[in-house]
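Colleague: Below you'll find the structure I mean.
What follows is calculated from the coordinates using simple rules that are stated; it is not laboratory data. Every value quoted in this text rests on a predicted model; they were computed, and no experiment measured them. FYI the Cβ positions are ideal-geometry reconstructions off the backbone, even for glycines, and counts take in every protein chain you see.
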Ligand code: AMP
Ligand code: GLY
């Protein structure tokens, strides 16, 4: 089967490898020359991924029978709608269904209208005149976000990025003035306290087939400090849970995802594709931080490296319906993914620097390599402003998987930065302790 994959990061490299493993001939549309994707793909077009007519023309010319879109920006401009209309079933949501990610106010309104569990207190404002009332309602202990897409970087948290009421006012003023994320609206919401986790699920409009839980690390520096990034690394546990996450809590989060998929269908926006739920595990159980209309990056590398089932078949069923639990089998192993990023990533990335990636040595260590937003020129690999390569270890325990990922990373060199602390035992122990305190198990 010929399948189109859109996007050029490590998430998409993982998607392309999973499709190829299931026997698909992959055609790729991406804007940078990703060495991993370019090697595996049968055909490739370097193009602006948001240029719907060009991507649709390429899909028709290559004769693909199915498509999957990696990043969110093309979904927001209706790439899945364009592909579906051109007769290419697409395992990614339409523009209307992708609003679950592209509009944070839509997501919060949908959850409250349909009384989905895991909803939190929030207010959306369009003008500064509404701020007084909103803060009267919510208090100052809040999180402020532009309602549109910001690549995970537009969120400010009280106590961290904002210390006073004046800071809140200044940031709201900035958003309303600048149209950050393409829409001058602000979401103010209660600040949640707990541990974050991700559950991704395959959805065919009705049925939700959940994958193992994953924990990402958004902060640029060790010890969860520094600016928010797209994600620096992630891990999952052999049993699909996380060291601090109980099975009942995992199941609660899956139920919330099911409720959201049902609510979208009731609103006439049937959701086909991978749904990404980001949850905060609080004292009262999982609460929704956000939904994304796609795989997470890096989280895609964890789950797709573990997937044993035929990914093309899964994508076909997500697009056309008929998916069930038995369609998605994952190897019962732990996974650890660490990102190699350019020096300065999170503030000002050192782009255009050559990095050396010894692929054979990485493979010899038993690690898996996924290329991210790098550019290949004359056989050399250069950084961009985004993340560079993801390295994944799979093993019986998180500890062992972490060691494999670290050994792999030793074979990438240049002016790079890595969060070596991700998935190390002391980090995991601290999270378990913190969650025990929040639950009230420890005084
Ligand atoms: P988002 O772009 O919505 O994923 O937010 C980025 C980060 O901000 C999340 O990973 C959380 O760490 C933090 N965050 C977002 N919303 C909340 C919230 N309501 N309470 C606490 N932290 C939040
Ligand atoms: N890892 C966070 C995201 O993909 O949005």
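Colleague: Using C-alpha positions alone, give me the convex hull volume of the stretch 20-61 per residue in cubic angstrom. Mind showing how you got there, number by number?
Modeller: Details: hull volume 2.9 nm³, N = 42.
Normalising the Cα hull of the stretch 20-61 by residue number yields 69 Å³.
Colleague: Could you tell me which of rounded, prolate or oblate describes the stretch 333-372, using a ≥ b ≥ c as the square roots of the eigenvalues of the alpha-carbon gyration tensor, with rounded for a/c under 1.5 and, failing that, prolate when a/b is larger than b/c and oblate otherwise? All intermediate terms of the calculation are to be shown ahead of the outcome.
Modeller: On the way: a/c = 3.89, a/b = 1.63, b/c = 2.40.
Judged from the Cα gyration tensor, the stretch 333-372 comes out oblate (a/c at least 1.5, b/c at or above a/b).
Colleague: Using only the Cα atoms of the stretch 284-443, what do you get for the radius of gyration and for Dmax, in Å?
Modeller: 18.3, 60
Colleague: Just from the alpha-carbon atoms, what are the Rg and Dmax of the stretch 282-324 in angstroms?
Modeller: Values for the stretch 282-324 (Cα only, Rg and Dmax): 14.0, 39 Å.
Colleague: On to the next question. Write down the radius of gyration of the stretch 228-324 and its Dmax, each obtained from C-alpha positions, in Å.
Modeller: Reported Rg and Dmax, both Å: 14.4, 39.
Colleague: Sticking with this one: Sorted by average packing, counted as other Cβ atoms within 10 angstrom per residue and highest first, what order do 385-392, 310-317, 423-430 take? Could you put the intermediate results ahead of the total?
Modeller: Working: 385-392: 25.6, 310-317: 22.8, 423-430: 16.2.
Ranking, from highest mean packing down: 385-392, 310-317, 423-430.
Colleague: Something else now. Which whole-number percentage describes the relative contact order of the chain, with Cα contacts under 8 Å and a sequence gap of 6 or more?
Modeller: Details: 1070 pairs, mean separation 74.8, N = 443.
Dividing the mean separation by the residue count of the chain yields 17 percent.
Colleague: Going highest first, how would you order 407-414, 345-352 by mean Cβ packing within 10 Å? Present the calculation step by step, with values, prior to reporting the outcome.
Modeller: Working: 407-414: 19.0, 345-352: 15.8.
Ranking, from highest mean packing down: 407-414, 345-352.
Colleague: Beyond 26 Å, what percent of the Cα pairs of the stretch 51-206 remain? Could you put the intermediate results ahead of the total?
Modeller: Numbers: 4632 of 12090 pairs.
For the stretch 51-206, the fraction of Cα-Cα distances above 26 Å is 38 percent.
Colleague: Which value does Rg/Rh take for the stretch 190-229 over its C-alpha atoms, Rh per Kirkwood? Mind dumping the intermediate values first?
Modeller: Working: Rg = 14.3 Å, Rh = 12.6 Å.
Rounded to two decimals, Rg/Rh equals 1.13.
Colleague: Here's another thing I want to ask about it. Convert 20 °C to kelvin, take the viscosity as 1.002 mPa s, use the Kirkwood radius over C-alpha pairs of the stretch 109-164 as Rh, and evaluate the Stokes-Einstein diffusion coefficient in µm²/s, rounded to a whole number.
Modeller: The diffusion coefficient I find is 166 µm²/s.
Colleague: Let me ask you something else. Using the reciprocal of the averaged 1/r over all distinct C-alpha pairs, how large is the Kirkwood radius of the stretch 252-374 in Å?
Modeller: Details: mean 1/r = 0.0565 Å⁻¹.
Computed over Cα pairs of the stretch 252-374, the Kirkwood hydrodynamic radius comes out at 17.7 Å.
Colleague: How many percent of all Cα-Cα pairs in the stretch 393-443 sit more than 18 Å apart? Walk me through the numbers before you get to the answer.
Modeller: Details: 599 of 1275 pairs.
Of the Cα pairs, 47 percent sit more than 18 Å apart.
Colleague: Share of Cα-Cα pairs in the chain beyond 30 Å, in percent? All intermediate terms of the calculation are to be shown ahead of the outcome.
Modeller: Working: 40404 of 97903 pairs.
That tail contains 41 percent of the Cα-Cα pairs.
Colleague: So, one more: Please compute the contact order of the stretch 389-443 in relative form: average sequence separation of alpha-carbon pairs under 8 Å and at least six residues apart, divided by the residue count, as a percent. Display every interim value, and only then the final one.
Modeller: Numbers: 25 pairs, mean separation 13.5, N = 55.
Taking the mean separation of contacting Cα pairs over the length of the stretch 389-443, I get 25 percent.
Colleague: Taking the Cβ of each residue in 94, 384 as the centre, tally the other Cβ atoms inside 10 Å and list the residues starting with the fewest.
Modeller: On the way: 94 23, 384 18.
The order, fewest Cβ neighbours first, is 384, 94.
Colleague: Normalised by the empirical 2.2 N^0.38 Å for globular proteins, what value does the Cα Rg of the stretch 1-133 take?
Modeller: On the way: Rg = 18.0 Å, N = 133, 2.2 N^0.38 = 14.1 Å.
Normalised Cα radius of gyration, the stretch 1-133: 1.27.
Colleague: Rank by packing, highest mean first: peptides 203-212, 137-146, with packing defined as the count of other Cβ atoms within 10 Å averaged across residues.
Modeller: Details: 203-212: 21.9, 137-146: 18.6.
Highest-to-lowest ranking by the protection proxy: 203-212, 137-146.
Colleague: Another question about this same structure. Using only DSSP helix segments of four residues or longer, with each worth -39500 (n - 2.57), what per-residue ellipticity at 222 nm results for the chain after dividing by its residue count and rounding to 500? Walk me through the numbers before you get to the answer.
Modeller: Working: 15 runs with 147 residues, N = 443.
Result for the chain: -9500 deg cm²/dmol, rounded to the nearest 500.
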